[in-house]
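The values are calculated or read from the model by the stated rules, or taken from the named source; none is laboratory data. For clarity, every value in this text was computed on a predicted model and none was experimentally measured. Just the protein is used for accessible areas: all its heavy atoms, side chains included, with ligands, DNA and RNA removed. Shrake-Rupley method; radii C 1.70, N 1.55, O 1.52, S 1.80 Å.
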Amino acid sequence: MQTFVVKFAGAFSGFVSGIGLTLIGYMANVQQTAGAENGMRIIMFLIPAILSALCFLIYKKGYKLTPEFYSKMKKELHEKKER
């Protein structure tokens, strides 16, 4: 399954990159327009930064490993191991 996920992620990222380059007007082997250059900057820097910040916020909101929860989890695991 892991190999499939890696291959799918590579194919999907190539697909999304191709769509993005098409949308900004990128043309291979020619001088790029100012709009295409700015679009590439947005694709390479701005969008990943925004998505990384969004992922961090989701992580901070959804991952709640408090000391109390950690102690309870360790206790339950220890009890299961004892059985």
(request) Filter the stretch 12-32 for residues that are in a helix (DSSP H, G or I) and among the aromatic types (Phe, Trp, Tyr) and give the result. (result) Phe12, Phe15
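Return the total of residues in the stretch 53-70 being open to solvent by less than 70 Å² (accessible area, probe 1.4 Å) and assigned to a helix (DSSP H, G or I).
Taking the stretch 53-70 as the starting set, the residues that turn out to be open to solvent by less than 70 Å² (accessible area, probe 1.4 Å) are 53, 62, 66.
Retained after the next criterion (residues that are assigned to a helix (DSSP H, G or I)): 53, 62.
Here the count works out to 2.
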(request) Determine which single condition Thr33 fails, assuming it passes every other condition in (1) of a type in the set (S, T, N, Q); (2) open to solvent by less than 70 Å² (accessible area, probe 1.4 Å); (3) more than 25 Å from the chain's Cα centre (by Cα). (result) (2)
